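The values are calculated or read from the model by the stated rules, or taken from the named source; none is laboratory data. Here the structure is a predicted model, which means the values were calculated and not measured. Note: ideal-geometry Cβ built from the backbone for every residue, glycine included; neighbour counts use all protein chains shown.
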Amino acid sequence: MTTTPHETTAASRTTGIPFILKTALINAVIALVLFSLMVGVRTEAGSDGQLTYWTRFGDLAWLVGAVFGGSIVIELLRQWIGPTGAEKLVPPAVHSGISFIGRYLAPVLLIFTLLVPVIFYNQRYILDLAILVLTYVMLGWGLNVVVGLAGLLDLGYVAFYAVGAYSYGLLATSFGWSFWVCLPLAGILAAFWGVLLGFPVLRLRGDYLAIVTLAFGEIIRLVIINWQDLTGGPNGVSGIPRPSFFGIPLDNSDDGLAAKLGIEYSPTHRIVFLFYLILALALLTNWVTIRLRRLPIGRAWEALREDEVACRALGINTTTTKLTAFATGAMFGGFAGAFFATRQGFISPESFTFQESALVLAIVVLGGMGSQLGVALAALAMIGGFELFRSLEAYRMLAFGMAMVLIMIWRPRGIIGHRAPTVFLTKAQAISSDLVKEGHG
Amino acid sequence: MDYFAQQLINGLVLGSIYGLIAIGYTMVYGIVGMINFAHGDIFMIGGFVALITFLILISLGLTAIPVILLVVLLVSMAITALYGWTIERIAYRPLRHSFRLAPMLSAIGMSFVLTNYSQVAQGARVKPIPPFITGGHTLHESADGFVIQLSNIQIMVVVTTIVLLGIFTWLVSRTRLGRDMRACEQDQTMAALLGVDVDRTISMTFVIGAALAAVAGLMYLLYYGLVDFFMGFVAGIKAFTAAVLGGIGSLPGAMLGGLAIGLIETFWSAYFSVEYKDVAAFSILIVVLIFMPTGLLGRPEVEKV
């Protein structure tokens, strides 16, 4: 970046301690006004229904002080790093190191994941957490087909997760069908709903589509809550059968897997089985996605993401292309939902709120939209981070929202922010995401 | 017939509140081209600020209701407008030239921040206030005893909305700021070349939108007598539905759409089922977008390559 005379004057105007102090002071005053009533005064309904309030000027002062200090730090950092941004902070050696690690990270991670039940066999908590992370990895990979590959912003992905979960839950509790019969059915039903929603709305522009999918997600949730005869309403569906090892139950009975293998029964067997089950499902999602990307349809998705008008000019049927992406993503969401139902044994509409959709979307965005490894790492970071702050429910959602804003400002393309094209002429070349501009479709 | 008339009044009042929120969506969409997902939460913040100001004023011993209302209106408009300004500054301005999904995702993040911020700051429980403006007029009493009521608060909501719309229309069509806003809506680069301060105009758009949402928050508080930290989400989607129904980018359309959504929701609750009123509103959003993507008063969008 060349420095023009204009920029030098602008830079000299924005340096120096008086400027920093002035900026920080202004920010502190703004913060004081913003927080004055919302933080400085706490309201609560008393036992007689009368609203009372008390003041919290200590907290208010603390927050305003934090904003003042934070502004000074940010201004100092900005002047220290300079206008060219953060690129020069990373020396080339580190860059090549990162790409070296990047090449071997995926296989190493996979091997480690396969060994998790062996290493942490006696730590139930870690196994449960690992299953949760893998569920979100699978959801992230499923949504990645829609958002990352086809470039369609889907804010109601959790609806398909819910359809899958309720399909299995209801089929298994009403008809006693086994998990292995219901799993494909759950996927098919979710894909069916995806097509049903997608067919009319996929002609819409990006952000309209986002709102429609959001509305659809809410409709599904509201119908589940209110259709009490079928879904049990807010009470949910309980007593959903646990999965069996292809017909052999994983319990303490004489027909159980442990008895047949002649080993001592342990409840951990089921956890380990669930772990490998979700790992297999997630890897299936990944494998299908990678294979699809090499097929004409996958290439059409990627082309659609980059420029819809050009796609139409080249004779790609954009509606069916979008529809297949939508249905494929929905199907994997349905699989994940069926797994969720069998793992929990209990489902209720509370598990399928907009927050879940936003969380999965945040995983995909943070992971770099289109990067399979990035999505897996983002799921690990997000769910792991959530788990660390489990006791602070409201604060962690606050931090989640802030993280989403900051990530968008700092790296709008996610942590692993480049897209390796699937198809190339002579040699593969990673394209910096900054060079790629999505078309307005 | 009387029942119908009563529901009509209720629907129009609810629609006025939605319309005030919808204007914020439609203005921002018209100028910046993004869905300000956090706008519903701005409305919620407006309601909270109004509630807290009420409490303080009453505990200070003020009794003159018009004075209290005026002070509450001004304070909540001012503080909420500052929220709108700050959010644009922090979360949207850095992303103005980013790829197209970035501002939307940032707005979703901001919505989470606001929801959980007010949950952390003010607690999760619903905050009720005692009825503040009481009384009303009986318009008609039928033979079988059904009474059509028009309460004073309903009159106030509708009158305030009409007055605000008048001021707002004047602002957009007659003032320098309004001209700048319309210029930025058409072509930001050209407007900038002709000496319009685009950044300032966009900031002012957010400020005005947030101030109108604050009024809606106050009206909601007075009308329903409660606020809670989660009310912004559903109200926000419905107001956005209203903006789309009216034709996004069109200001009279937003108001019209708000009234339509308010009426549909009220009549649906009255004649079909209360449980499914939100489903009805969201279904209308989907149906409108499929069959009438430009809404009632919107212009068809020209696709440029």
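Before moving on, here are some points about what is shown:
- In summary, helices (runs of 4 or more DSSP H) completely within the range A:327-441 and bearing 3 or more residues that are at pLDDT 70 or above and either touching a His at 6+ places or on another chain (Cβ under 7 Å) or closer than 27 Å to residue A:188 by Cα (or both) occur at A:354-366, A:372-388.
- Screening residue A:279 on (1) touching a strand residue (DSSP E or B) at 6+ places or on another chain (Cβ under 6 Å); (2) over 20 Å from residue A:346 (Cβ atoms) shows it passes everything except condition (1).
- Selected residue (only one of A:250, A:292, A:277, A:281 is more than 14 Å from chain B (Cβ to nearest Cβ), hydrophobic (A, V, I, L, M, F, W, C), more than 24 Å from the chain's Cα centre (by Cα) and surrounded by 19 or more Cβ atoms within 10 Å (Cβ to Cβ)): A:250
- Condition broken by residue B:238, with the remaining ones in (1) within 12 Å of chain A (Cβ to nearest Cβ); (2) touching a residue at least 60 places away in the same chain (Cβ under 8 Å); (3) not in a helix (DSSP H, G or I) satisfied: (3)
- Selected residue (only one of B:113, B:67, B:72, B:120 is hydrophobic (A, V, I, L, M, F, W, C), surrounded by 17 or more Cβ atoms within 10 Å (Cβ to Cβ), more than 7 Å from chain A (Cβ to nearest Cβ) and out of contact with any Asp or Glu (no Cβ under 7 Å at 6 or more places or on another chain)): B:72
- Taking the numbered list (1) within 11 Å of another protein chain (Cβ to nearest Cβ); (2) touching a residue at least 60 places away in the same chain (Cβ under 8 Å) in turn, residue B:101 passes all entries but (2).
- So residue A:162, is it at pLDDT below 80, surrounded by 10 or more Cβ atoms within 10 Å (Cβ to Cβ) and not charged (D, E, K, R): no
- Only one of the listed residues (B:30, B:24, B:19) is surrounded by fewer than 24 Cβ atoms within 10 Å (Cβ to Cβ) and within 23 Å of residue A:213 (Cα to Cα). That residue is B:30.
- Residue in the range B:20-43 that is within 9 Å of chain A (Cβ to nearest Cβ), within 17 Å of residue B:237 (Cα to Cα) and either in contact with a Pro (Cβ under 7 Å, 6 or more places away or on another chain) or basic (Lys, Arg) (or both) present: yes
- Only one entry in B:169, B:201, B:189 is assigned to a helix (DSSP H, G or I), modelled with pLDDT of 90 or more and β-branched (Val, Ile, Thr), namely B:201.
Residues are listed down the side, and each one gets a yes or a no for (1) surrounded by fewer than 23 Cβ atoms within 10 Å (Cβ to Cβ); (2) not assigned by TED's automatic domain parsing to the domain that holds residue A:356:
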site	(1), (2)
A:105	yes, yes
A:110	yes, yes
A:115	yes, yes
A:129	yes, no
A:132	yes, no
A:143	no, no
A:157	no, no
A:168	no, no
A:172	no, no
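- Taking residues in the range A:342-358 that are more than 13 Å from chain B (Cβ to nearest Cβ) and on the phi > 0 side of the Ramachandran plot, and partners anywhere that are of a type in the set (A, V, I, L, M, F, W, C) and not in a helix (DSSP H, G or I), the pairs with Cβ atoms closer than 6 Å and at least 6 places apart or on different chains are A:345/A:240.
- Every pair of residues 6+ apart whose Cβ atoms lie under 9 Å, when the first sits in the range A:153-178 and is outside any helix (DSSP H, G or I) while the second is acidic (Asp, Glu): A:153/A:207; A:156/A:218
- Residues that are touching a residue at least 12 places away in the same chain (Cβ under 8 Å), over 18 Å from residue B:78 (Cβ atoms) and within 35 Å of the chain's Cα centre (by Cα) within the range A:30-63 comprise A:42, A:59, A:63, listed in sequence order.
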